[in-house]
Amino acid sequence: MDMRISSARVGEKLGTIETELTPRRLLAYSAGLELGDDCYLDDARPGGAEMMPAMCAAVEWPLADGVRISELIGVTLAQYRKVGVHAEQDSRYHRPPRMGETLTTTGWLEVLRQTRAGVLMTCRYDTVDREGAPVFTSYNSGMLRGWELDRPRAGDSDAGALQPVALDEGQAAKTDVPVARHLPHIYSEGGPIWNPIHTERLVALAADLPDIILHGSATWALAMDRVIRAHAGGDPRRLKRFACRFTGMVIPGETITVRHRAAGDGIEFDTVNADGRPVLSCGVAELHSV
């Protein structure tokens with residue numbers, strides 16, 4: 001379905017929300033990814049349970065779920081959800097969140113840009129603590145497939161473009177990650193990040209998908225976990241940045257492979273599915289110094 005959308009409201013706020021990092025919320029998110037580490041699941045440890053850094057996507061989800069975005073670009077929520085797919089996620093971590101604190105997140109519609117595939121949309125989410133100090137910032141891009149914009153580009157962003165990485169055989173470590181058939185169900189509830197294409201085959205098939213598919217944010221989180229284990233000694237507090245493009249689907253029940261290597265001051269990574277096709281590309285991670 002082709003549709004022409006307006007750029008008139010680029011730059012407007014998506015809204016502001018508060019999130020309390022309760023033990024229940026932190027533990028449920030990590031358990032939703034089937035992570036069993038004490039740092040994520042032991043709320044009695046000194047300092048409490050750590051927030052798995054990928055949980056930033058769950059904190060941002062109430063602003064990113066399409067309700068406000070669809071209003072700003074002049075379409076219905078149903079129209080938006082039918083064509084919108086997660087294209088990129090670039091999150092920067094200014095300091096580790098602390099169990100028990102309340103965070104405030106504000107979202108902005110930053111950029112709309114015409115591409116051959118459709119309209120690429122970038123939103124920025126700024127999350128701060130009670131004192132207004134930054135905790136994490138995310139640039140979330142989505143592709144509105146087949147749609148047209150009323151001009152070539154509107155708005156600007158300081159996110160920067162992600163660059164291709166070539167992780168050929170022999171040049172990177174590989175970590176296989178089995179994706180359980182039930183993982184989208186527990187991730188949907190533990191997140192909570194819910195869209196029925198991830199859990200209900202009737203909905204997925206009606207959307208012309210071959211099966212239910214794993215959330216892009218869950219695939220991103222699984223890759224993040226393996227990079228943290230391999231390059232940060234399993235310490236999530238060291239993660240400074242984690243970014244990639246979403247370039248393929250993961251069917252629950254298959255095994256994905258995260259490929260990663262140190263590169264200069266950072267880490268390059270990607271992820272391929274059981275057929276060797278890329279599902280995460282242009283991956284870059286950075287760590288805080290010890």
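All of the numbers you see were taken from the coordinates with simple rules; none came from a lab. Since the structure is predicted, the reported quantities are computational estimates derived from the model, not experimental observations. Glycine gets a Cβ as well: all are built from the backbone with ideal geometry, and neighbour counts include every protein chain shown.
Take C39, C123 and order them by how many other Cβ atoms sit within 10 Å, fewest up front.
Numbers: C39 19, C123 22.
Lowest count first: C39, C123.
Given all pairs of different Cα atoms, what value in angstroms does the Kirkwood hydrodynamic radius of the stretch 1-161 take? Write out the running numbers ahead of the final one.
Numbers: mean 1/r = 0.0597 Å⁻¹.
Answer for the stretch 1-161: a Kirkwood hydrodynamic radius of 16.7 Å.
Restricting to bridges with both residues inside the chain, how much of the DSSP beta-bridge set is antiparallel, in percent to the nearest 5? Working shown, then result.
Details: 69 of 71 bridges.
Antiparallel: roughly 95 percent of the beta bridges in the chain.
Please rank D208, D225, fewest neighbouring Cβ atoms within 10 Å first, as an exposure proxy. Walk me through the intermediate numbers first.
Values: D208 7, D225 24.
The fewest-first ordering by Cβ neighbours comes to D208, D225.
About the Cα centre, and with charges only on the beta carbon of Lys, Arg (+1) and Asp, Glu (-1), how big is the dipole of the chain? Nearest 20 debye, please. Walk me through the numbers before you get to the answer.
Details: 32 positive and 39 negative charges, 89 e Å.
Result for the chain is approximately 420 debye, rounded to the nearest 20.
Below 8 Å, C-alpha to C-alpha, sequence gap of six or more: please give me the relative contact order for the chain in percent.
Values: 630 pairs, mean separation 57.4, N = 290.
In percent, rounded to a whole number, it is 20.
So what J values fall out for the stretch 144-152 if you push phi through Karplus, 6.51 cos²θ - 1.76 cosθ + 1.60 with θ = phi - 60°, rounded to Hz, Gly and Pro as x?
9, 5, x, 8, 10, 9, 6, 7, x
How about the stretch 113-153: which trypsin sites (Lys or Arg not before Pro) there lie in a loop by DSSP and see at most 15 other Cβ atoms within 10 Å? If you can, show how the numbers build up before the last one.
Numbers: sites: R113, R116, R124, R130, R145, R153; in loops: R116, R130.
Passing sites in the stretch 113-153 are R116, R130.
With only alpha-carbon pairs counted, each pair once and no self-pairs, how large is the Kirkwood hydrodynamic radius of the stretch 182-239 in angstroms? Walk me through the intermediate numbers first.
On the way: mean 1/r = 0.0796 Å⁻¹.
That comes to 12.6 Å for the stretch 182-239.
Charges on Cβ only, +1 for Lys and Arg, -1 for Asp and Glu, centred on the Cα centroid of the chain; of P152, V83, L214, which one is farthest towards the dipole's positive end?
P152
Which far-off residues, 5 or more places away or on another chain, put their amide H under 5 Å from the one on G100, with H placed in the peptide plane?
L21, T22
Give me log10 I(q)/I(0) at q = 0.11 Å⁻¹ for the stretch 162-290, Debye formula, one equal scatterer per alpha-carbon, no solvent.
Log10 of I(q)/I(0), two decimals: -0.39.
Just one of (i) 0.94; (ii) 1.28; (iii) 0.98 is Rg/Rh (Cα atoms, Kirkwood Rh) as worked out from the coordinates here. Which one is it?
Derived directly from the coordinates: (i).
Can you give the helix-only mean residue ellipticity at 222 nm for the chain, where every DSSP H stretch with n ≥ 4 adds -39500 (n - 2.57) and the sum goes over all residues, rounded to the nearest 500 deg cm²/dmol?
Numbers: 8 runs with 67 residues, N = 290.
Value at 222 nm, helices only, nearest 500: -6500 deg cm²/dmol.
What aspartates and glutamates could a cross-link reach from K13, if we take a straight Cα to Cα line under 15 Å and drop same-chain neighbours fewer than 8 places away?
In chain and number order, the partners are E60, D65, E71, E110, D126, D156.
Dipole size in debye (nearest 20) for the stretch 162-290 around its Cα centre, Lys and Arg Cβ +1, Asp and Glu Cβ -1? Provide the component values of the computation, followed by the final result.
Numbers: 13 positive and 15 negative charges, 71 e Å.
Dipole about the Cα centre, nearest 20: 340 debye.
Which lysines, if any, have their Cα less than 27 Å from the Cα of K174, not counting same-chain residues under 8 positions apart?
K240
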